[in-house]
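A short worksheet on the structure shown next.
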Amino acid sequence: DGHLLLGHSIGLDEFEKLAKADAVPEQEVAVNAKWEPVDYASKDAWVRAKIDVYFKKRDRKGKTTMTIIDYKTGKVYEENKKQLSFYALLGFIFHPEVDTINVELWYLDQGPEHTHKDTYVRDEFEDMKQAWTAAPAQLLHDTIFAPRPGFQCKWCFYSKNKSGHCEF
């Protein structure tokens, strides 16, 4: 109906649909290095994540679909889309009864036209797990930690030195 939530561009309709779907907000999840669920506070947690909201739906054939939504604010970054498969992977791990996962990025202050969606099926699970196991491999084996300047540098303390330029 055109109303905006706290001045944001995602309307109340979207949030009312979540309420009707019995959506679960702010789930904290963690996995160990073998991609097995562990307690969020566990010392064995290799990856921790917070899922903003999710809900599940079962169709007439008995297939279960999960929808995971990650809220974003600010500028739309292309690299945010990489997170979609990660959230799907976590969904499959914590909800083994799920056959299909829809993952959505909702840019709350950018409007529905910036919402991004992808769909994943259980058959992709092992490939997703391998891809996300390989992703941090270079970081975990790095002993030099050479600087890699990028757009993130604008937030770095070291980029704000006396000369105003990053030493890297």
So which aspartates and glutamates can K72 reach, going by Cα to Cα under 13 Å and dropping same-chain residues fewer than 8 places off?
D52, E104, D109
Ordering of 97-104, 148-155, 52-59, 22-29 by packing [mean C-beta count within 10 Å, highest first]:
97-104, 52-59, 22-29, 148-155
Take the residue pairs K81/K129; K43/K154; K63/K117; K43/K63 and return only those whose Cα atoms are more than 24 Å apart.
K43/K154; K43/K63
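Kirkwood-based Rg over Rh for segment 17-70 (C-alpha set), two decimals? Could the numbers behind the result be given before it?
Values: Rg = 13.7 Å, Rh = 12.6 Å.
Reported Rg/Rh (Cα atoms, Kirkwood Rh): 1.09.
Over 17 Å, how big is the tail of the calculated P(r) for segment 18-141, in percent of all Cα pairs?
On the way: 4586 of 7626 pairs.
Value for segment 18-141: 60 percent of Cα pairs lie more than 17 Å apart.
Could you check how much of the accessible area of segment 27-144 is carbon and sulfur, as a whole percent, using a 1.4 Å probe? Don't jump to the answer; show the numbers that get you there.
Details: 3530 of 7030 Å².
The C+S portion of the solvent-accessible surface of segment 27-144 is 50 percent.
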The answer for V38, listing residues at least 5 apart or on another chain whose modeled amide H is closer than 5 Å to its amide H, is A30, V31, N32
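The values are calculated or read from the model by the stated rules, or taken from the named source; none is laboratory data. Note that the structure is a prediction, hence the values are computed from the model and not measured. Backbone-built Cβ (ideal geometry, glycine too); neighbour counts: all protein chains shown. Each accessible area value is taken on the protein alone, full model and side chains, heavy atoms only, with ligands, DNA and RNA left out. Shrake-Rupley method; radii C 1.70, N 1.55, O 1.52, S 1.80 Å.
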